[in-house]
1. Applying a 10 Å radius around every beta-carbon, put 181-194, 371-384 in order of their mean neighbour count, most first.
2. Return the subset of Lys91/Lys277; Lys277/Lys371; Lys118/Lys203 for which the Cα-Cα distance in this structure is over 31 Å, preserving the input order.
3. Can you divide the C-alpha Rg of segment 28-156 by 2.2 N^0.38 Å and report the result to two decimal places?
4. As I understand it, the dipole of the chain uses +1 on the Cβ of Lys and Arg and -1 on the Cβ of Asp and Glu, about the Cα centre. Which of Ile284, Ile87, Asn263 lies farthest toward its positive end?
5. State to the nearest 20 debye the size of the charge dipole of segment 28-156 about its Cα centre, where the only charges are +1 on K and R beta carbons and -1 on D and E beta carbons.
6. Placing unit charges on C-beta atoms (Lys and Arg positive, Asp and Glu negative, everything else neutral), compute the dipole magnitude of the chain about its Cα centre in debye, rounded to 20.
7. How high is the FRET efficiency between Gln128 and Asn258 when r is their beta carbon distance and R₀ equals 25 Å, given to the nearest 0.05?
8. For Cys289 and Ala368, calculate 0.36 nm times their separation in residues minus their Cα-Cα distance, and state this gained length in nm to one decimal.
Amino acid sequence: MKHILVLSFTFLLLFSACHHVRPKVFDPSQVRFTASYNPLLESQFYPSLVLGVASLSDPAYAPTDSGALFSVSVTAPVSNAVLRITIDSSKLNYVTIFQEVLPVKDMRYTFYPTVKWKYEQLYRTRQQGVADLTFTCYINDEEVDVKNLRINYRSANDCLLSVRDSSGHNIDYRWLFAAYVNEEHPIIDSILTDIMQQGVVSKISGYQSDAKSVQSQVEAIWYYALERGIRYSSISCTSTPTTRSNVQHIRFFDEVYNSRQANCVDACVFFASIMRKIGLKPVIFVEPCHAYLGYYTDKGRRSLRLLETTITSWSDLPALTRDYEAAMAANPSAIGKDCLSPQYYQKYTKYLTADEKKKWDEGKMDFATFKRAVAHNLFLKASEYDQENYKNNKKLFADPDNTQYQQLDIEQLRKIVQPIN
């Protein structure tokens, strides 16, 4: 045992004598490593901004003059120095390694590393929180410096509208609305099956037929939304996490579908998603604190129709159906006024034409036709509702420098932003 201890001690002495800690070659004060988050966003991180541009060839850059999210800067301590930046894993990202060669000694270099995001986690983020990102700088495999950045991440529902830069100029982000239009959502296939079963249209053909057919297809989507019971539910127009940015909370397609609630933007996104799926070309018109929908009735974009989606809240067809069924259960032979409670009769017959109301009162119209007539007349109102407003603001929509009025053509925006999945 004594011999073993002596041998172990001798080995440790030899190891210590042979193993020297390599002295640092590069001085952090010479390299001057910095890591920063885009100052325009004031430490606010928007998952929707990352998810919407994730499929671009260089997702570090959004389609705006705001630049990338993160930047790192170093001064080359020697010629042809190999720079490696490691970003540690966090709740939002995987370990990310960025490497470049710095050719010229003493020259200052700035890079914009592309972070390896946890995209599924970003999509599931529904509450704001804080994340710490650690950036480690290596020169020729030697660790030189470490910087920590704290960012305040927002909900994936938060859509950045605009940011005011230091000169007071508003940088427009409203194109990000298009990321919430999701024609790829798997629920839409079952929705289209339901639409066909409703009998409003005999086929869904996009632009293969005439303008009247296109409007009928949109009306079929409208009737589906009314039968689904999607109601208007207001959310604050904007939240202001900083003094320079405006943000809109937007529900995702499945959230509107499941909750049956939508504000003006949510409903536009919901309708536009289904329109895109069947090959139509929707446009979202954004005004201060309001949005309404448009769509082209021809493939060549010559004719544009409008749709005020919030008018879905003027009716509640599921509640109307329950009221009718209760009345008929109490009196199976009832016709006209007796088929509905007074409250529902007064509310819904006002949406009928005089001839339709007469037929209903005389028992010459069944309940399915009654609902279809209500929905059709509301669709006509929704189609005309914004015409004057659009006419008055047409020049504002056409002004590329006006960030308050935006005409968002979803098909064209697909070149720069993809659906958030």
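1. Highest mean packing first, the order is 371-384, 181-194.
2. Those over the limit are Lys91/Lys277; Lys118/Lys203.
3. 1.08
4. Ile87
5. Taking the Cα centre of segment 28-156 as origin, the dipole is about 380 debye.
6. Result for the chain is approximately 120 debye, rounded to the nearest 20.
7. Approximately 0.70, to the nearest 0.05.
8. 24.8 nm
We did not get these values from a lab; they are worked out from the coordinates using the rules stated. Predicted model only: the values in this text are computed from it and were never measured. In this analysis, Cβ positions are derived from the backbone assuming ideal geometry, glycine residues included, and neighbour counts consider all displayed protein chains.
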